[in-house]
Amino acid sequence: MINLYLITLIKYLCLFYFLYFVGRSFLILNSYIINNNFSIPKKLLYSKSNILYPIIGTLFVGNVLIILNFAFSLNNNLVYVVLLFLLLPNFFYFKLKINFLNTENIVNYLLIPGILIISVYNTGWHYDAGFYHLNHQAWL
């Protein structure tokens, strides 16, 4: 049980950091196109911009995948290369922050998701879920 929990937590952290850095890349590219310099705004929509990175990353990756789906199958290796290519703008604007492991970040990015991941452990369908076609609805 602990092993499956740790695997789920690691998958969550990998997905979170991927979306975080893709969202950051999108803002870097956006500021380069508009202002001709690599910078990131401190505030975005009246909140810290780093809080919105995963949301922006989700929207950006979703739109890129929809566009790629017209030309390629999403199981193609080229799609993975394009997704990794989205991370490149992070290397143009790189600032090392030493104070990443503070209490606020540990609580927000490890403790709260770690507790919430317990709820997805061993989620399955009820025995009569087939009557409601829930397995097909999950695909939708």
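The values are calculated or read from the model by the stated rules, or taken from the named source; none is laboratory data. These numbers come from a predicted model, not from an experiment. Here the Cβ positions follow ideal geometry from the backbone for every residue, glycine too, while neighbour counts run over all protein chains shown. To get the accessible areas, we keep the full protein, side chains included, count just its heavy atoms, and leave off ligands, DNA and RNA. Shrake-Rupley method; radii C 1.70, N 1.55, O 1.52, S 1.80 Å.
Here are some notes:
- Here N102 meets the list (1) within 19 Å of the chain's Cα centre (by Cα); (2) under 19 Å from L13 (Cα atoms); (3) modelled with pLDDT of 70 or more almost entirely, failing just condition (1).
- Condition broken by N75, with the remaining ones in (1) loosely packed, with under 11 Cβ neighbours inside 10 Å; (2) part of a helix (DSSP H, G or I) satisfied: (2)
- Residues being closer than 22 Å to F85 by Cβ and assigned to a helix (DSSP H, G or I) - total across the range 18-49: 17
- Unique match (being more than 20 Å from the chain's Cα centre (by Cα) and more than 23 Å from I117 (Cα to Cα)) among S73, S49, S25: S73
- In summary, I118 fulfils each of the numbered conditions (1) open to solvent by 100 Å² or more (accessible area, probe 1.4 Å); (2) without any contact (Cβ under 8 Å) to a residue 24 or more places away in the chain; (3) assigned to a helix (DSSP H, G or I) with the single exception of condition (2).
- Near pairs, Cβ below 9 angstrom, 6+ apart or cross-chain, from the range 28-42 (surrounded by fewer than 11 Cβ atoms within 10 Å (Cβ to Cβ)) to any residue that is of a type in the set (K, R) and not in a loop (DSSP other than H, G, I, E, B): K42/K48
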